[in-house]
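Participant: Sending over a structure as structure tokens; questions will come in a sec.
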Amino acid sequence: MNLKTQVGIIGAGPAGLLLARILYNNGIESIILENRDEAYLRKRLRAGVMEQGTVDTFMKAGVGARLEKEKMVHEGIHLHVNGKANRIDVKDLSAGKVVTVYGQKNITNDMIDHAQKDDIQIIWEAKAEKLEGFHNENDSSIIHYSRYGKMHTIECDFIAGCDGFHGVSRTALPTTEKNIHTCEFPYSWFGILAEAPPVCHEVIYAHHPAGFALQSMRGPELSRLYIQCPNGTDPNAYEEEWLWDELDKRLGITNNRGNIIDKGVAPMRSFVCDMMQSGRLFIAGDAAHIVPPTGAKGMNLAVADINVLSKGLIHHYQHNDNDILNRYTEICLRRIWKVERFSWWVTTTFHVSDDQDEFTTKMQEATISYILDSKIGAQSFTENYVGLPILWD
Ligand code: FAD
Ligand code: DHB
């Protein structure tokens, strides 16, 4: 089969689905290719915390009706040190900004529902294999994809690589080693979803000699909890009672214990590919960069990239103006590096390495103490947590 469209989108994660929606709202056609099946995508549990700008983007794109109804607004965040509780008043320190808890799974489902209602084509179980033609001004871009053992093509003006860290798009860019920047961390996150009301109605980050812990939620009756664990930990490694005891100890709270309905281990890495475009191929979201989950920035970064890419494509089609597209990488990277810094900084401040010396521990405690004791420290943390602006010029 040979399909034709204006923008060929690879990946139906938050980046790909949002791009298709914004383009649709502006009369631009697209087709999404997604490697996985629909049921898998609808069930995939991931991010939970949205910056103000992310919520605004979903609302403006017209996919925010359920988000508006079910969202949990957080006006603060708690930083616990050795079990001692402290709260930062995010709303007060950021002139009214807040963060919102609404699962990535929910917004993904909302966007798939809207896409299906409006006949935005998503081809499930279709794997992009090879991209070509995007370098040449006069050729169409071609995505070669496989589906149930057969090869097909999509001919398009532009290719949007929204295919996550393991996708094919980044590898099609003419990058060298110099374009790739990485940092691996010597710990992972063990995450659970439990049928239990969260004890604290806002997020808690905990620094503890036994390691980092985090309390979040996915609803009034659903706790989302994480503890730092060694790399390579088996998701079935821990007894449930040990896990709850460890969470209570590190967080310094008595969690409501409930049925654990999901368990998983997430490795932690920082990664930036500083070439995000070539010809008419653009990459966005996890395809271009990864942050460790501390700081809750991954999905928010993906949404910021799509804000830039969609605006660039709209200016191209509606005004024949390529200025934003030409500067796509530059505009995105300016924000990406700052968000990478924040995520790396919060990660290294709150986690404890196996061989950590006492001086490093004291530095971590002093860093947190500075955030808590200084209005400027708290404001700086908050400015990053609620989300930095996109700088267009
Ligand atoms: P993805 O969601 O990875 O989507 C890419 C899609 O492309 C996938 O569906 C994949 O199947 C598909 N694909 C891949 N290759 C191909 C191919 N060749 N052909 C076709 N399709 C392909 N972020 C936050 O902002 N806040 C948080 O609180 C947060 N918490 C997190 C907690 C955990 C435990 C984890 C693991 C992540 C968390 N994140 C968080 C990060 C966030 O989930 C990701 O950054 C986000 O999913 C990135 O979206 P994306 O659309 O760029 O990529
Ligand atoms: C989640 C919340 C966070 O604050 C964070 O840093 C990472 C993940 C969550 O709710 O999943």
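Participant: Show which aspartates and glutamates lie in cross-link reach of K117 when reach means a straight Cα distance below 17 angstrom and same-chain residues fewer than eight apart are skipped.
Facilitator: Within reach: E29, E38.
Participant: In nm, to one decimal, how far is the V199 label point from the K178 one, both placed 7 Å along Cα→Cβ?
Facilitator: The modelled label-to-label distance comes out at 5.3 nm.
Participant: While we're looking at this one, here's another question. Taking N as the number of residues in the range 251-393, what is its alpha-carbon radius of gyration divided by 2.2 N^0.38 Å?
Facilitator: Scaled against compact globular proteins, the figure is 1.31.
Participant: Could you tell me which residue out of Y145, G76, A65 lies farthest along the dipole of the chain toward its positive end? Charges go on the beta carbon: Lys and Arg +1, Asp and Glu -1, centred on the Cα centre.
Facilitator: Result: A65.
Participant: While we're here: Report the relative contact order of the range 146-247, percent, no decimals, based on alpha-carbon pairs under 8 angstrom and at least 6 residues apart.
Facilitator: 22
Participant: Here is a further query. Where both partners of a DSSP beta bridge lie in the chain, what percent of those bridges are antiparallel, to the nearest 5?
Facilitator: 70
Participant: How much net charge surrounds S140 when only other residues with a Cβ under 10 Å from its Cβ are counted (Lys, Arg +1; Asp, Glu -1)?
Facilitator: Here the count lands on -2.
Participant: In deg cm²/dmol, rounded to 500, what helix-only [θ] at 222 nm does the chain give when every DSSP H run of at least 4 residues adds -39500 (n - 2.57) and the total is split over its residues?
Facilitator: Estimated from H runs of four or more residues: -11000 deg cm²/dmol.
Participant: Output the relative contact order of the chain, whole-number percent, from Cα pairs under 8 angstrom with separation of 6+ residues.
Facilitator: 20
Participant: If I compute solvent accessible area with a 1.4 Å probe over the protein chains, what percent of it on the chain is carbon and sulfur?
Facilitator: After summing per-atom areas, the C and S share lands at 49 percent.
Participant: Here's another thing I want to ask about it. Counting other Cβ atoms within 10 Å of each Cβ, which chymotrypsin sites (Phe, Trp or Tyr not before Pro) in the range 339-393 have at most 12 and sit in a DSSP loop?
Facilitator: The qualifying sites are W392.
Participant: To continue, here is another question. Based on the inverse mean of 1/r over its pairs of different Cα atoms, what is the Kirkwood hydrodynamic radius of the range 179-337, in Å?
Facilitator: Taking the inverse mean of 1/r over all distinct Cα pairs, the range 179-337 comes out at 17.8 Å.
Participant: In degrees from 0 to 90, rounded to the nearest 10, what is the angle of the helix 328-350 Cα long axis to the longest principal axis of the chain?
Facilitator: Roughly 20 degrees between the two axes.
Participant: What Kirkwood radius, in Å to one decimal, follows from the Cα pairs of the chain?
Facilitator: 21.8
Participant: For the range 372-393 and the range 240-256, compute the distance between their C-alpha centroids and round to whole Å.
Facilitator: For the range 372-393 versus the range 240-256, the Cα centre distance is 30 Å.
Participant: From the alpha carbon gyration tensor of the range 320-393, can you work out the equivalent ellipsoid semi-axes (sqrt of 5 times each eigenvalue) and give them in Å, largest to smallest?
Facilitator: 34, 16, 7
Participant: At 1.4 Å probe size, with every protein chain present, just tell me what the per residue accessible area of the chain comes to in Å².
Facilitator: 43
Participant: Estimate the FRET efficiency between T360 and I261 by the formula 1/(1 + (r/R0)^6), using the beta-carbon distance for r and 45 Å for R0, to the nearest 0.05.
Facilitator: Efficiency, from the Cβ-Cβ distance: 0.80.
Participant: Let me ask you something else. I'd like the distance between the alpha-carbon centres of the range 335-360 and the range 16-64, rounded to an integer number of Å.
Facilitator: A separation of 30 Å, based on Cα centres.
Participant: How much net charge surrounds A196 when only the other residues with a Cβ under 9 Å from the Cβ of A196 are counted, with Lys and Arg +1 and Asp and Glu -1?
Facilitator: -1
Participant: Could you pull out the pairs from K97/K375; K71/K311; K71/K263 whose alpha carbons sit more than 20 Å apart here?
Facilitator: Check vs 20 Å cut-off fails for K71/K311; K71/K263.
Participant: Then there is this: Determine, from the Cβ-Cβ distance of D248 and W345 and an R0 of 25 Å, the FRET efficiency 1/(1 + (r/R0)^6), rounded to the nearest 0.05.
Facilitator: The computed FRET efficiency comes out at 0.40.
The values are calculated or read from the model by the stated rules, or taken from the named source; none is laboratory data. Fair warning: this is a prediction, and the values are worked out from it, not measured in the lab. Neighbour counts run over all protein chains shown; Cβ positions are idealised from the backbone, glycine included. To get the accessible areas, we keep the full protein, side chains included, count just its heavy atoms, and leave off ligands, DNA and RNA. Shrake-Rupley method; radii C 1.70, N 1.55, O 1.52, S 1.80 Å.
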